[in-house]
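Let me begin by presenting the structure, written as structure tokens, before commenting on it.
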Amino acid sequence: MAFSRALASSLVLVFLLFSFSDARDHLVGGKSAVWKIPSSDSESLNKWAEATRFQVGDSLVWKLDPQKDWVLQVTKEDYVTCNLTSPIAEYKEENAKVKLNRSGPYYFISGAKGHCEKGQKMVVVVMSPRRGYISPALSPTENEAPAVAPSSNASGLKAGMMVMLGSLFGMILF
């Protein structure tokens with residue numbers, strides 16, 4: 001019985017490790033040729049970004065015509081004001097790829113003069129690996145989960161963890 005429980009716990013742990021490390025490439029907008037001035041609010045890339053779950057390790061991929069337009073990663077302030085002069089990064093490749101290596105918001109605007117002011121911009125929010133989605137409107141203290149009181153049987157919990165880790169170690173070796 002104890003072995004079955006330890007094996008099940010180990011399998012859950014292995015599943016969680018693999019599910020968090022499954023990085024994906026996201027084609028911006030879900031299709032090619034969408035990095036353009038939107039003709040309406042329904043074409044805004046922010047609608048697509050809000051409906052997509054991004055995780056640390058994922059990448060954004062733009063299909064661009066570098067002769068006509070490119071992507072700038074900018075600060076929140078530069079996103080709001082459409083400031084092209086001091087980007088964090090600039091992407092001018094035909095298949096521009098941006099790795100999302102931290103949780104929180106990323107801000108992107110068009111590098112072509114006047115396009116950002118016409119709505120060609122996007123905010124992507126990357127989920128935190130520990131707490132799920134982080135809303136840019138919430139401060140970290142507002143988004144914290146409540147603390148869990150320690151159990152009175154801490155030695156049982158410690159023993160269970162040791163069995164689970166031992167089983168996992170055994171599975172890795174064999």
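Values in this text are rule-based calculations from the coordinates and carry no lab data. What you are looking at is a predicted structure, and each value in this text was computed from that prediction instead of being measured. No Cβ is skipped: glycine too gets one built from the backbone with ideal geometry, and neighbour counts run over all protein chains shown.
The table below lists the values:
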quantity: Over 19 Å (Cα to Cα) - which of Lys47/Lys113; Lys36/Lys63; Lys97/Lys118; Lys47/Lys92; Lys31/Lys63 fall in this group; calculated: Lys47/Lys113; Lys97/Lys118; Lys47/Lys92
quantity: Summed side-chain charge close to Ala112 - residues other than Ala112 whose Cβ falls under 9 Å, Lys, Arg +1, Asp, Glu -1; calculated: +1
quantity: Segment Ser86-Glu43, length gained on full extension (0.36 nm per residue, minus Cα span); calculated: 12.8 nm
quantity: Cα pair distances of the stretch 24-137 binned at 5 Å [whole percent]; calculated: 2, 13, 23, 27, 21, 11, 3, 1, 0
quantity: Cβ-based exposure ranking for Thr81, Thr52, in which fewest neighbours within 10 Å come first; calculated: Thr81, Thr52
quantity: Sparse-neighbourhood loop sites, trypsin sites (Lys or Arg not before Pro) in the stretch 57-105 - DSSP loop, at most 15 other Cβ within 10 angstrom; calculated: Lys68, Lys92, Arg102
quantity: Relative contact order of the stretch 24-137, pairs being alpha-carbon contacts under 8 Å that are 6 or more residues apart, as %; calculated: 31
